[in-house]
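The values are calculated or read from the model by the stated rules, or taken from the named source; none is laboratory data. Source: prediction; values computed, not measured. Heads up, the Cβs are rebuilt from the backbone with ideal geometry, glycines too, and the neighbour counts pull from every protein chain shown.
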């Protein structure tokens with residue numbers, strides 16, 4: 001897999017070549033450290049529209065685990081929307097809930113955040129999106145040194161990486 005370093009972030013090309021959701025969980029678990037957690041973003045409008053029992057169960061879990069309800073993006077997030085949307089940021093507990101969060105939206109957005117901090121203080125923003133030929137795992141960060149000296153070695157222990165810069 002190719003890791004491309006850019007200003008204030010990086011991205012992994014061909015993220016969709018990971019063989020299982022368990023591998024995706026292993027990759028995103030490289031980012032949190034002491035006292036930090038992964039929190040996932042979902043549109044409040046989407047989950048309010050859930051009607052079948054499976055969707056309702058998922059909605060109830062998201063609502064139960066919601067830690068922030070916000071109308072804005074993170075400070076270091078490039079994406080801005082013209083359509084006003086309220087986002088719920090929820091914190092899955094344990095590996096099974098992490099897998100369920102990713103199953104519910106394989107093009108996910110999540111943040112790495114210390115338990116006692118505000119959303120704007122997230123150390124990482126992780127997003128999966130579709131590119132022309134493959135899925136990209138985009139990484140925005142606040143501290144480049146942490147990414148280079150802690151996260152990259154953890155990623156390299158999991159998957160073979162070719163590292164480039166733009």
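Across the stretch 59-72, a minimum of one residue is classified as surrounded by 13 or more Cβ atoms within 10 Å (Cβ to Cβ), at pLDDT below 90 and more than 28 Å from residue 8 (Cβ to Cβ). Can you find even one residue in the stretch 47-58 that is at pLDDT 90 or above and over 15 Å from residue 126 (Cβ atoms)? Scanning the stretch 47-58, I find no residue that is at pLDDT 90 or above and over 15 Å from residue 126 (Cβ atoms), so the answer is no. Taking residue 145, is it part of a helix (DSSP H, G or I) and over 23 Å from residue 10 (Cβ atoms)? For residue 145, the condition - part of a helix (DSSP H, G or I) and over 23 Å from residue 10 (Cβ atoms) - is not met. Test residue 27 against the stated conditions and say whether it is within 17 Å of residue 97 (Cα to Cα), surrounded by fewer than 16 Cβ atoms within 10 Å (Cβ to Cβ) and modelled with pLDDT of 90 or more. Against the criterion (within 17 Å of residue 97 (Cα to Cα), surrounded by fewer than 16 Cβ atoms within 10 Å (Cβ to Cβ) and modelled with pLDDT of 90 or more), residue 27 does not qualify. Within the stretch 84-97, restricting attention to residues that are out of contact with any strand residue (DSSP E or B) (no Cβ under 7 Å at 6 or more places or on another chain) and at pLDDT 90 or above, the residue that is surrounded by the fewest Cβ atoms within 10 Å (Cβ to Cβ) is 94.
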